[in-house]
1. May I ask which residue of 410, 421, 506 lies farthest towards the positive end of the charge dipole of the stretch 402-532, with charges of +1 (Lys, Arg) and -1 (Asp, Glu) on Cβ and the Cα centre as origin?
2. Could you work out how far the C-alpha centroid of the stretch 414-448 sits from that of the stretch 484-506, in angstrom?
3. Semi-axes of the equivalent ellipsoid of the stretch 56-160: what are they in whole Å, largest first, if each equals the square root of 5 times a C-alpha gyration tensor eigenvalue?
4. Summarise the accessible area of the stretch 81-154 (1.4 Å probe, protein heavy atoms) by the percent that is carbon and sulfur.
5. What accessible area per residue, rounded to a whole number of Å², is obtained for the chain using a probe radius of 1.4 Å?
6. Output the peptides 110-119, 452-461 sorted from most to least packed, where packing is the average of other Cβ atoms within 10 Å over each peptide's residues.
7. Hey, how much of the P(r) for the stretch 156-218 falls beyond 18 Å, as a percent of Cα pairs?
8. Can you give me the long-range amide H partners of residue 481? Hydrogens built in the peptide plane at 1.01 Å from N, cutoff under 5 Å, separation of 5 or more residues or another chain.
Amino acid sequence: MSDVSVRFVVAVAVAAVAAISLAAAVSAASAAHDYGDALHKSLLYFEAQRSGRLPYNQRVRWRGHSGLTDGLEQGVDLVGGYYDAGDHVKFGLPMAFTVTLLSWGMLEYGGGVADAGELAHALQAIKWGTDYFVKAHTAPTELWAQVGDGDSDHYCWQRPEDMTTSRRAYKVDAEHPGSEVAAETAAAMAAASAVFRAAGDAHYAHLLLHHAQQLFDFADTYRGRYDDSVDVVKSYYPSSSGYQDELLWAALWLHRVTGRRDYLRYALDNAEAFGGTGWAVSEFSWDIKYAGLQVLASQLLVEAKEQRLRLSAEEVAVVEQLRSKAEYYVCSCMNRNPGGAKHNAGRTPAGLLFIRPWNNLQYASGAAFLLTVYSDVLSSLDQPLRCGGSGDDDGEPAAAGDAGEVLAFAKSQADYILGTNPMRTSYLVGYGAAYPRQVHHRAASSASYSHDRDFIGCLQGFDSWYSARRENPNDLVGAVVGGPNGEDVFNDQRGAYMQTEACTYNTAPMVGVFSKLMQLEGQSPRPAPAPAEDL
C-alpha cells in the first residue's frame with residue numbers, strides 16, 4: 001500500500017462504521033458477485049469519458065485526445081473534463097454532480113477503495129473533473145457551464161477525436177446567474193477538497209476549497225435558474241427542482257469540510273424556506289438533491305452523538321425534520337410508507353426501483369448509495385428505520401426496519417445491476433459473461449481511434465457505425481447503462497437509447513456501494529488486470 005493510501009485509510013478510519021453486525025443481516029452466505037471487480041471496472045469507465053489531452057497512463061487505449069480547442073473561441077482554456085454520456089457536450093451540472101458523488105463515496109468508503117488498490121484511480125477520476133472546474137471558474141462570479149451544442153451534436157455520430165460540431169462555450173455570471181450549476185460545482189469542489197486533504201494533498205485541497213467558497217457565495221448572492229441564463233441546456237439538463245436544493249446541499253458540504261458554523265446556520269436557517277424540511281421525495285438525481293441533502297444532514301446527528309459537533313436544541317429540531325424526510329425517501333424506496341403507490345417509489349416485478357423509462361438506473365444507483373449511507377446512520381445511532389407515510393411530522397412514525405434491512409435493500413439494487421435479474425445480464429458493462437454489447441455511445445460504437453485514424457464524418461458515422469447491427473468494437477467497461485423497462489425487459493440495441501445509453505452519474509454512486517459491499521462480504525480484492533486487458 002502506498003504512503004498516500006496509508007494516509008487516506010487512517011483519515012477515513014475515524015468515520016468508518018463497523019459492519020460485522022450488518023453482515024449477518026445482509027448475507028449469511030458468500031457473496032454472489034465480485035464487488036472488487038465491479039469497483040475496478042467502475043473507475044475504469046471514467047477514463048473512457050475523458051475530454052482533453054489524455055495522460056501517458058491512460059488505460060482505455062481506444063480513446064484519443066479530443067476537445068483540444070475548447071474555450072478558444074471565448075479566449076479561455078476549457079480543455080478537459082468529462083463527456084456526460086454517449087455524446088460530446090460537456091454539461092457542467094451533471095459533471096459536478098458526478099464528482100460530488102464520487103467524492104462522497106470516497107469519504108464514506110475510501111478505505112475499501114484503497115484496500116482494493118484503486119485509490120490512485122479514484123483520486124484521478126475526481127481530479128479530472130476538479131481540474132476542469134478550476135479552469136471553468138474564471139472569476140469569482142463567472143463559471144463556464146457548458147461546452148458544445150446538444151442539438152448539432154445529436155445530428156452527428158462521430159468519435160470525439162473527429163468532432164466537427166460546435167464547441168461554443170456558455171457561462172453564468174452576475175448578470176446571467178446560474179445558482180444550480182454554481183452551487184453544485186461548489187459542493188463537488190468542497191467534497192473533493194476533503195478527499196484530497198485526507199489523501200495528504202493539502203495544497204490541492206486548499207485550492208479546491210477556495211473555489212468552492214467563492215462559487216457558493218456567487219450562487220447565493222446572484223440567485224437565478226441556470227437554464228434561464230444558458231437556454232441551450234433546457235432540452236437536456238433543465239432544472240425542474242430549482243436551485244434551492246443545491247444551495248442547501250452546497251452549504252452542508254461546506255460545513256462538513258470546514259466545520260464553520262455559518263454554513264451550518266445557513267443550511268438550517270433556510271431549511272424550511274428552501275424546501276429541505278418540506279420536500280418528501282422518492283427520487284435522487286443530478287436535478288433533485290433533496291434526498292441527498294436530507295441524508296447528509298442526518299449524519300449531523302451521528303457527529304453530535306459522537307461529540308464531534310455541538311448542536312443546540314433548536315438545531316437538533318431542524319435536523320430531525322430533515323432526517324424525517326430522509327426516512328421518507330428510504331421508506332419509499334423500500335415500499336414501506338403507508339398510503340400505497342402515492343408514497344412509494346415504483347418497482348419492476350423483480351424488485352428494481354423504477355422511477356421513469358429513460359435512464360432509470362441512475363435512480364436505482366443513487367438510491368443504492370443513499371440507503372447504504374443511511375444504514376450507517378441508523379447503525380451509529382442504534383435506532384430503527386421509522387416510516388410515517390406522508391412525509392408529515394404529525395405523530396411518531398412506527399418502526400419499519402433496521403439498519404441491516406436498509407443495507408440489504410441497497411445490496412439488492414446493486415446485485416440487480418450486476419446480473420441478479422430476470423434477463424441474467426449485467427448492466428455494468430464488462431462485468432460478468434453477459435452485458436450490453438451495443439451501448440449507445442459514439443466512441444465505443446466506432447472504430448478505435450488508436451487503430452484507425454481515418455476521419456469519420458458527421459453522417460458517415462450513422463451509416464457505418466450507428467446503423468450497424470453488430471456489437472460495439474469497444475466495450476465501455478464500467479458504464480452503467482439506462483437499464484431495463486418497467487417489466488424487467490432489456491433491449492440491447494444501439495437505437496434503444498433510453499435503455500442502452502450510459503451516464504457518468506449512473507456509475508459514480510456505485511463506486512462507494514461496491515467498496516462497502518466488498519468489505520462487508522469480507523472479499524479479498526483481486527489484483528487489478530494489466531493495462532492490456534483494458535484496451
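The values are calculated or read from the model by the stated rules, or taken from the named source; none is laboratory data. Keep in mind the model is a prediction, meaning the values are calculated, not measured. Glycine also receives a Cβ, built like all others from the backbone with ideal geometry; neighbour counts cover every protein chain displayed. The protein model used for the area step is the full one, side chains on, heavy atoms only, and it has no ligands, DNA or RNA in it. Shrake-Rupley method; radii C 1.70, N 1.55, O 1.52, S 1.80 Å.
1. Checking the options against the dipole of the stretch 402-532, the answer is 506.
2. One Cα centre to the other: 9 Å.
3. Ellipsoid semi-axes (Å, largest first): 26, 18, 13.
4. 56
5. Computed with neighbouring chains in place, this is 36 Å² per residue.
6. Output ranking for 110-119, 452-461: 110-119, 452-461.
7. So the pairs more than 18 Å apart make up 54 percent of the total in the stretch 156-218.
8. Result for residue 481 returns 429.
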